1. Residues that are under 30 Å from Ile98 (Cα atoms), at least 2 per element: which strands (runs of 3 or more DSSP E) completely within the stretch 247-351 meet that?
2. Here are the criteria: (1) at pLDDT below 95; (2) on the phi > 0 side of the Ramachandran plot; (3) surrounded by fewer than 19 Cβ atoms within 10 Å (Cβ to Cβ). Tell me which single one Gly498 does not satisfy.
3. Any residue in the stretch 410-422 that is surrounded by fewer than 24 Cβ atoms within 10 Å (Cβ to Cβ) sitting within a Cβ distance under 9 Å of a residue that is of a type in the set (Val, Ile, Thr)? List the pairs, counting only those 6 or more apart or interchain.
4. Among all residue pairs at least 6 apart or on different chains, which show Cβ distances below 7 Å where the first residue, located in the stretch 264-283, is assigned by TED's automatic domain parsing to the domain that holds Ala138 and the second is surrounded by fewer than 15 Cβ atoms within 10 Å (Cβ to Cβ) and assigned to a helix (DSSP H, G or I)?
5. Given the criteria of a type in the set (A, V, I, L, M, F, W, C), over 25 Å from the mean Cα position of the chain (by Cα) and at pLDDT 95 or above, does Ala521 qualify?
6. What residue, of Arg316, Arg277, is under 30 Å from Ala353 (Cβ atoms) and of a type in the set (Lys, Arg)?
7. Assuming Arg171 fulfils every condition listed in (1) more than 18 Å from Thr233 (Cα to Cα); (2) over 21 Å from the mean Cα position of the chain (by Cα) apart from one, which condition is it?
8. Among the residues of the stretch 135-147, count how many are out of contact with any Pro (no Cβ under 9 Å at 6 or more places or on another chain) and crowded, with 19+ Cβ neighbours inside 10 Å.
Amino acid sequence: MRDFFKQVFATVFGLFLFLGLSGAGLIVLMIGLASLGQQDEEVVVSGDKTLLVYDLSTLVTDRPLPPDFLTFAFDDLSTLSLRSLGQALDTAATDDHIVGLYLVGNNLPPGVGGYASLQAIRDALAAFQEQSGKPVLAYGSGWSEPEYYLASLADSVWINPLGDLTWDGFRAEVQFYGGAFAKYGVGMQIVRVGKYKSAVEPFLDRKFSAPSREQNLALITDLWQNFVETVATGRDLKPEQLQAVANQQGMLLPQEAEAQGLVDGLKYANEVETELRSLTGTTDLEEDIPMVTLADYALDLEAGNRGTSPMDSPNRIALVYAEGEVVTGSADQGFIASDDYTELLRDLRRDEAVKAVVLRINSPGGSATAAGLIGREVELLKAVKPVIVSMGDVAASGGYWIAAPADQIFAEPTTITGSIGVFGLLPNVQQVANNNGVTWDAVTTNPYANIDTLSRPKTPQELALLQRFVDDVYDRFITLVADGRSLPPAEVENLAQGRVWSGTAALRLKLVDQLGGLDMALEAAATAAKVGDDWTVDEYPPQPSLEKAVLDQLFSDLGGVGVQSPGNSGQGLRNLDPGSPSPWTILDHLPPFGTIGNLGGSAVLSPWLGAKGLAGSISAGSRPLSPPVAGLVQDLGDDWSLLLQLDDPRHAYSRLPYRLDVR
């Protein structure tokens, strides 16, 4: 049915363009076709012996993605939310039509955000295996480390004789710009509290500081140890054997993987097909093996075509997804904006039908002011009804600030959390501008009237004033954690200092209450609310309607995308609007920032990127960058864009390093 509508849309869309019909008519047609497409027919499970197929490259997100008509019309991309994945596997375990689960590896990173999500998926796969007693089979052309982590629980793990299996350990890597800024004359000053608060280091230094190296090594060691122990259990191996493989080999040939017990056999695709035909009883080689993808099965379940329909109870458990950077004001989905979330939590507090709230947090932090405002609403909410936090891949810095007041906090062993610290990053463009003949002058009525300027470094007096505000925010953070976690402030101070912790370490330090996923948090919320089994989950913030999604996509270029409203006075980094005079705008016209490179005709090094995308000015003589260099430069542009979004009126931020690449 979906393919049918794609063909219909593509045909009619072409006719509209050819005939020059009105844009309004096209919009109406698009919305109508999309609405019909959403009423997709039941996914057919052919016969009594159907195989459930989970392609490990399937995109799995923390919450359901909003409607995307262009993807619906032209793309076959399958997506799942973690919750729908778990519900589908739970239903399939008792579905008599489903005879087994088939995991397909592609020797690529799975479509999953982080290691906590991987662990949640593996737990759901293990629950299916234990509850159903049905075989779980896994086959890959090769096995990447994350894919193999999921496949290792299978009853049979096979690999293509021409593939390889990667098992080489974890790394934490950060891109540093300190040398580049020094070379080109971009100044950077900081104010911070916490010796481990390393978010400022990429913009100052050329390598990790000693405390940052210490905490990152401890973090990835915790994550890797969990990885190794989990896989060892699944494969009935000793952790020491897997450590030896990582230390001595890193990448295994198929026959080596089999000899060391990491896989059960080497098979070509046609040999695996024979195994699947045997399982499903499909003896006729002309007949297709009856299969249904996990993504389609989940969609069918949500449409009410399978399993038991969800109970419509007057007792509501509100599941609030808090994902992305913490920012002030109001913003699009993908940000935790203070205005949006304080209003939402306030409404839930006043809604008598909502008996408890589960906050699902997936955030590296951001604006300390925004985190403080949202954290305050969590405190007020907790005074009225139970508040349970479920941490995803990361709930650190400002993300932990929001979590700390809750009644209970659940985290996965591989969640990245903690980072209780505060910093301020204070750039200036004096040198690069002066080197190109640009200067500024100002007159002021009072000594601190020009403290927000980017045209010069801060004076010692200005730095002292800003440090005082950062110290105050940090003290408030410590007090909030001490009160929320019932810990002495001195103990919180010792484990804070901006240091990141794994979920396992956080449990030991009493920063979280239990190790577990979202389902455990929902059950805990129902127990705390004393509603028994009589409850229904409502998800927030609500997804936009399909019609709104279509219109937003069509007209996003007219109004811009990303953060809609910064929500403060416009001071600080957010004052980089292309229509207003700012020292940053000069960088679009000065070397190296205006002319350093070309990525498809776009400037790539302007710190002004967040205000106008990658459409900067390019000199006629600029030449394309190689793909690896272009990727690194793009990372820099993304980091600067992020700085534009984190507009704290007090210049105080509580966030992880901007690009901590853990893999």
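1. Answer list for the stretch 247-351: 291-293.
2. Result: Gly498 passes all but (3).
3. Pro413/Thr230; Pro413/Thr504
4. Short answer, once both residue conditions are applied: Leu266/Gln255.
5. When the stated conditions are applied, Ala521 does not pass them.
6. Just one listed residue meets the conditions, Arg316.
7. Tallying (1) more than 18 Å from Thr233 (Cα to Cα); (2) over 21 Å from the mean Cα position of the chain (by Cα), Arg171 fails exactly one: (2).
8. Total meeting the criteria: 6.
The values are calculated or read from the model by the stated rules, or taken from the named source; none is laboratory data. Note that the coordinates shown come from a computational prediction; the quantities given were computed from them, not determined experimentally. Methodologically, a virtual Cβ is constructed for each residue, glycine included, from the backbone with ideal geometry; neighbour enumeration extends over all protein chains shown.
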